[in-house]
Each structure stands twice: as C-alpha cells, then as structure tokens.
Amino acid sequence: MKYELYKSPAWQCFYSLVFTVGVMIAPLPTAAQTAGVPAQPKIVDQDIWEISRGGQLYDDWMAVLDAEPPNGSHPAYPKEGKKKGRTTWRCKECHGWDYMGEDGAYRKGAHYTGIKGVRNAAGKDVEEIVKIITDKTHGYTSVMIRPLAMRKLAIFIGRGQVGMDQYIDRSTNKARGNAARGALFFQTVCAICHGYDGSKMISRSDTALAVFGDRGYLGTIAHNNPWEVLHKIRNGQPGVGMVALRVLTIQDQTDVLAYVQTLRKMRE
C-alpha cells in the first residue's frame with residue numbers, strides 16, 4: 001500500500017516540483033560569504049501556504065472544506081443573474097478570476113452580476129477583510145467557513161491577488177509570457193497529471209464533473225478563460241492534489257500559461 005501511495009499522480013507531481021525547484025535554489029551562503037553584501041529581497045512570501053490555500057477557498061471553499069453548500073442561492077446574488085444555487089456562493093462567481101468583478105472578464109456574459117471586484121481590498125489588514133467577508137452582505141459564517149480557513153481566504157485577498165492585466169492581454173486573451181520557458185515547467189511538473197498535451201485533467205472525478213462539467217483539454221480552458229488558469233497555476237485546484245506553483249515567480253507562472261495556450265484545444 002505504501003509503495004502504491006508514492007506512485008500516485010499527486011505524489012509524482014510533488015516529486016517533480018521538488019526536483020524542478022531544487023535545481024533552481026543555490027545552497028545558503030555562510031555568514032563569512034555574506035559579510036558586506038547587501039541583503040537580498042524576499043522572493044517567496046513566508047505565508048505562501050496560507051495564501052495558496054486562500055486562493056483555493058476563493059475559487060470554491062465548499063470543495064476545499066468538503067462542505068455542504070448552503071441552501072438556495074446567495075442572498076446577495078442579483079435576481080437577474082444567470083446562475084443559481086451552489087455556484088453563487090463561490091467568491092469567484094461575483095468577483096471574477098481576475099478579481100475585477102464587473103470591470104473585468106465578468107463585465108458581460110453568463111457570469112455578469114454587476115458586482116465590483118476585490119482589487120481594492122489588496123493590501124488591507126486581514127481582520128478588516130474578515131469583517132467584510134462575514135458582514136450582512138456577504139453572510140459567510142464560521143459554520144460555513146471555519147475561522148482558520150476564513151483567515152486564509154482573507155490573507156489571499158489581501159496579499160495573494162495580482163493585477164492580471166499585467167500578465168494577460170485582455171483584448172486577445174493571450175498570456176504575456178514566453179511559451180518556450182513555460183514548456184520546461186509544464187512538461188516536468190504539470191504533465192505528470194495533465195498529460196504532455198493537456199488532455200488529462202486530474203479534476204475529472206465524478207464529483208468534479210457534477211460540479212464543473214467536462215470542459216475539454218487544458219488548451220481550451222486556457223484560451224477561453226486564461227484568468228482562471230493563471231489563478232489555478234498559482235494556487236492549485238480545490239479538492240484535488242494539484243500542486244500550487246506559487247513558489248515560482250509570477251512571470252514563470254505566466255510563461256506556463258503561455259505554453260498551455262499553445263496546446264491543442266479540441267477533443268478528437
């Protein structure tokens with residue numbers, strides 16, 4: 001049983017990421033070596049786990065916490081909106097994958113709500129954001145989202161989101177990245193679960209199909225909704241063993257997205 005566990009896709013993905021990142025990190029210098037050398041800027045946020053977990057909660061807190069969805073649609077979800085029930089309780093459904101709400105990709109179409117995004121919450125104090133999440137408008141309680149999980153969600157909103165227009169051309173949906181560099185990461189980390197051509201998706205379980213549907217290859221999703229794919233590259237997929245690539249730089253992550261956009265987009 002132990003041997004089979006280590007052969008699982010999630011473990012294989014973990015091993016590949018450790019190897020890929022490991023070759024990028026030099027040994028820590030000694031005190032003598034660093035004497036008189038200016039301090040290097042911090043590259044990785046020390047709360048990286050909380051941030052990436054919070055990004056998954058923003059995506060679908062019910063899948064992360066294995067929680068039953070609240071009854072009915074969210075009270076604040078507009079009546080003219082086209083969604084109902086469970087999906088209206090996901091943060092991303094109103095605020096968008098690009099965190100811009102009505103000013104971003106959800107400014108029109110099936111996901112339009114007229115609700116603003118969360119970009120203005122970037123940089124705010126965690127406790128202040130928790131108060132907003134639990135206010136009368138949002139209505140999330142500690143029974144729905146446990147306090148520690150609520151804090152992770154707030155940390156992501158305050159410190160984990162990015163201005164996606166810097167990395168994705170909104171007029172063309174194309175990533176502002178180097179696909180050749182992105183291929184190096186995808187083929188040594190992501191391909192173990194998703195396949196070399198993006199035709200395999202670890203989230204295609206019975207539960208995931210019931211909730212998200214089968215949307216085809218990764219190339220299709222990356223072409224149609226690059227903001228969602230970049231969010232998941234950075235934070236992982238809720239409810240499954242997908243590795244979050246937040247340890248890479250945002251440009252590295254954008255390079256991965258650029259490569260995924262080159263993969264085939266249709267099923268045969």
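In table form, for the structure just shown:
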read-out	value
Backbone HN-Hα couplings from phi across the range 110-122 [Karplus 6.51/-1.76/1.60, Hz, Gly and Pro as x]	5, 9, 5, 10, x, 8, 6, x, 10, 4, 6, 8, 4
The range 48-161: relative contact order in percent, alpha carbon pairs under 8 Å with at least 6 residues between	32
Inter-probe distance in nm under a simple model that places probes 7 Å from Cα toward Cβ, at Asp125 and Leu148	2.4
Computed label-point distance, nm, for sites Asp197 and Thr249 using a 7 Å Cα→Cβ extension	3.3
Sequence of Lys84, Lys92, Lys116 once ranked by neighbouring C-beta atoms within 10 Å, starting from the fewest	Lys84, Lys116, Lys92
Per principal axis, descending, Cα span of the range 48-161 in whole Å	35, 29, 23
Span from the the range 61-107 Cα centroid across to the the range 131-178 one, whole angstrom	12
Packing-based exposure ordering (other Cβ within 10 Å, fewest first) of Val143, Val240, Val64	Val143, Val240, Val64
Point-to-point label distance, Thr220-Lys265, nm (Cα→Cβ direction, 7 Å offset)	1.2
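Any read-out appearing in this document is the output of simple, stated calculations on the displayed coordinates, not a laboratory observation. As the structure is a computational prediction, the values presented were derived from the model and not from experiment. Glycine gets a Cβ as well: all are built from the backbone with ideal geometry, and neighbour counts include every protein chain shown.
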